[in-house]
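Working notes for the structure below.
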Amino acid sequence: MTRSTPQTPPPRRRVPAFVPVPLRARRDGWTPLRQAEFLGHLAETRSVAEAARRVNMARETAYRLRKLPGAESFNAAWDAAMGLRESRTISSRKVTGYELWHRAYHGTLKPIVRGGRYIGTRVKTDTCALLRVIESPYLAAPDPAVRSRKNFADPWSMSAWPDESFTSSAASARHSQEEE
């Protein structure tokens, strides 16, 4: 009589919701959905080469994507998919700028892994980020100089933003040039 030892289930790898790396839109490039699918397959296989192959991308481009500016959220999700940071979640990080704006207006992407297999991706709304933008809109400002402004008196006036194309004086100057 042989004793059978109970098989231990594979470790549960949860891929946290993440903000995709901001890139130029290309059909054959790293789209936000392709980034989420890559992370889902990475959690399933724990192989960068295999996960990249499953989304029809090269392994080298996946590592290049990790090094781009604005990839902090993607990197944290990658580490969680590989099992490197089990206890740390992305939501505990301080989020400002592009990532806060993206979370507030577009949500985050959440790869779904069930039973150790990647089954799909869903968009997860982030109402907490939206409330932060409503409370302090300068946090989502594109320019770091605006985010650090102490006297951001009227955040809803377009003149508070650094881009002159949004100000009313620039718009009226453009309008008067069009009339001539």
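Stokes-Einstein diffusion for region 32-130, with the hydrodynamic radius set to the Kirkwood value over Cα pairs and evaluated at 10 °C in a medium of 1.306 mPa s, equals 114 µm²/s. Near Glu50, once Lys and Arg are set to +1 and Asp and Glu to -1 for all other residues with Cβ below 10 Å from its Cβ, the sum equals +3.
Amide H to amide H, with H built 1.01 Å from N, Lys124 comes under 5 Å of Thr108, Leu109, Lys110, counting only residues 5 or more places away or on other chains.
Set the Förster distance to 35 Å, then compute FRET efficiency between Tyr138 and Arg117 from the Cβ-Cβ distance, nearest 0.05. For Tyr138 and Arg117, the calculated efficiency is 0.25. Using 0.36 nm per residue and subtracting the Cα-Cα separation, the extra length available between Arg66 and Thr127 on full extension is 19.3 nm. Each Lys and Arg contributes +1 and each Asp and Glu -1, all at the Cβ; summed about the Cα centre of region 32-130, the dipole is approximately 80 debye.
Every number in this text was worked out from the coordinates using simple rules, so none of it is lab data. The structure presented is a predicted model; accordingly, all values stated were derived computationally and were not measured. Glycine gets a Cβ as well: all are built from the backbone with ideal geometry, and neighbour counts include every protein chain shown.
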